[in-house]
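Below is a structure I'd like to ask you about.
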Amino acid sequence: MSDVRPGSRNALTDVAGLTVGNAHDVKCRTGTTVILCGENRAVAAVDVRGGGPGTRETDALAPGRLVQSVDAVVLSGGSAFGLDAAGSVQLWLAAHGFGYQTGGPIVPIVPAAILFDLVNGGDKDWGMDAPYRALGLQAIEAAGVEFAQGKAGAGYGARAGGLEGGLGSASAVDPVTGATVGALVAVNCFGDVCGDDGRFYAAPFELGEEFGGCGPSQKVPSGPVFPKLGADAKPYARSNTTIAVVATDAALSHEDTQRFVTMAQAGLARAVRPVYTPFDGDTVFALATAQGPSVDAIGLARLGAIGADVLARAIARGVYEARSLGNSWPAWRDKFNKGL
């Protein structure tokens, strides 16, 4: 939508009530990102479309469930090992008085999703001492309105098709409803985010020059887009997954938040080709903080449409901001920036 503009940070934290913390382990080439909802919590929903997801507490977010608000969301590398990061985040929240009131001990609700970064050259020989509980604690203690993108947090060890992946974020303010929409994504997709000319598939949605201002590709593929795999390539040996949070400050019901995330999930398909493969666990959470305006059904439709654009932009930013870790695959800037 041409009438929207980025928020002041062009990041998820433009949505009032949310803070973000990152932590990473250089030796293991992995990391964790925590999205903290604050004292007022946030209504939450989730949309899982990838063929190989790794998640925690997603069933609790389904329509009709008792608990409709959460205290934090965790995105992490490490495949199934990375789900441990949510445990330390939950303990930290409980110790600081955040959580669902049970009449006894409070219980923080912390959904999580992970991506596969186990074969990126980092040392994963951690035995009984995987780093994720420590990374979760470091990330939540670092939470604030400013945070790094690119090789940071859950995107630290990520790969996006044939390029370095990373953590990306973007936002937009809707002048019609007055609501703000933000997205944060760890881009670790099986598919590609740009064509052979380096121009991002998300380019039609770019605001300003947030990921280089290169414009759309002039080489529109005439058929299906599929990564160029070598004759002996085994895609399952480098399983992937793009995991994200989209959020708004609008006051949404749980049902409306589910519709919001269903619409916003379309941003993955605008920015990654192919998407939702058997090797990806593509998962998008939605948060509604209710610190902004109420909206009607037309307003909700606007926010969902904006959310899809914002998520697409965040995906491109994550790859654009990524720097090389010295892997056998290049960073976008190393491969394309000089020629565009």
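The values are calculated or read from the model by the stated rules, or taken from the named source; none is laboratory data. Values in this document were obtained by computation on a predicted structure and should not be read as measured data. No Cβ is skipped: glycine too gets one built from the backbone with ideal geometry, and neighbour counts run over all protein chains shown.
Filter segment 66-102 down to the residues that are assigned to a strand (DSSP E or B) and not aromatic (Phe, Trp, Tyr), then identify the one that is farthest from Asp280 (Cα to Cα).
Within segment 66-102, the match that is farthest from Asp280 (Cα to Cα) is Ser69.
Out of all the residues in segment 26-48, is one or more surrounded by fewer than 17 Cβ atoms within 10 Å (Cβ to Cβ), over 19 Å from the mean Cα position of the chain (by Cα), touching a residue at least 60 places away in the same chain (Cβ under 8 Å) and closer than 28 Å to Tyr276 by Cα?
no
Right, something else. Only one of these is in a loop (DSSP other than H, G, I, E, B), within 19 Å of Gly21 (Cβ to Cβ) and of a type in the set (Gly, Ala, Ser): Ala154, Ala186, Ala139, Ala148. Name it.
On the way: Ala154 fails: in a loop (DSSP other than H, G, I, E, B); Ala186 fails: in a loop (DSSP other than H, G, I, E, B); Ala139 fails: in a loop (DSSP other than H, G, I, E, B).
Testing whether each residue is in a loop (DSSP other than H, G, I, E, B), within 19 Å of Gly21 (Cβ to Cβ) and of a type in the set (Gly, Ala, Ser) leaves just Ala148.
Just one of Gly182, Gly178 is at pLDDT 95 or above, of a type outside the set (A, V, I, L, M, F, W, C) and touching a helix residue (DSSP H, G or I) at 6+ places or on another chain (Cβ under 6 Å); which is it? Walk me through how you get there before you give the answer.
On the way: Gly178 fails: touching a helix residue (DSSP H, G or I) at 6+ places or on another chain (Cβ under 6 Å).
After applying the criteria, what remains is Gly182.
Yes or no, residue by residue, for (1) surrounded by fewer than 17 Cβ atoms within 10 Å (Cβ to Cβ); (2) touching a Lys or Arg at 6+ places or on another chain (Cβ under 9 Å); (3) not in a loop (DSSP other than H, G, I, E, B):
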{"site": "Val261", "(1), (2), (3)": "no, no, yes"}
{"site": "Pro278", "(1), (2), (3)": "yes, no, no"}
{"site": "Val284", "(1), (2), (3)": "no, yes, yes"}
{"site": "Ile298", "(1), (2), (3)": "yes, no, yes"}
{"site": "Asp309", "(1), (2), (3)": "no, yes, yes"}
{"site": "Ala316", "(1), (2), (3)": "no, no, yes"}
{"site": "Leu325", "(1), (2), (3)": "no, yes, no"}
{"site": "Ser328", "(1), (2), (3)": "yes, no, no"}
{"site": "Lys335", "(1), (2), (3)": "yes, no, yes"}
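So Ser169 fits all but one of (1) in contact with an Asp or Glu (Cβ under 7 Å, 6 or more places away or on another chain); (2) over 18 Å from Val275 (Cα atoms); (3) part of a strand (DSSP E or B); what number is the exception?
Just one mismatch for Ser169, condition (1).
State all residues of segment 4-44 that are assigned to a strand (DSSP E or B), more than 20 Å from Pro108 (Cβ to Cβ) and not small (Gly, Ala, Ser); if no residue qualifies, say none. Reasoning before the result, please.
Going residue by residue through segment 4-44, those that are assigned to a strand (DSSP E or B) are 5, 19-25, 30-36, 42-44.
Those left that are additionally more than 20 Å from Pro108 (Cβ to Cβ): 5, 24-25, 30-31.
Correct list: Arg5, His24, Asp25, Thr30.
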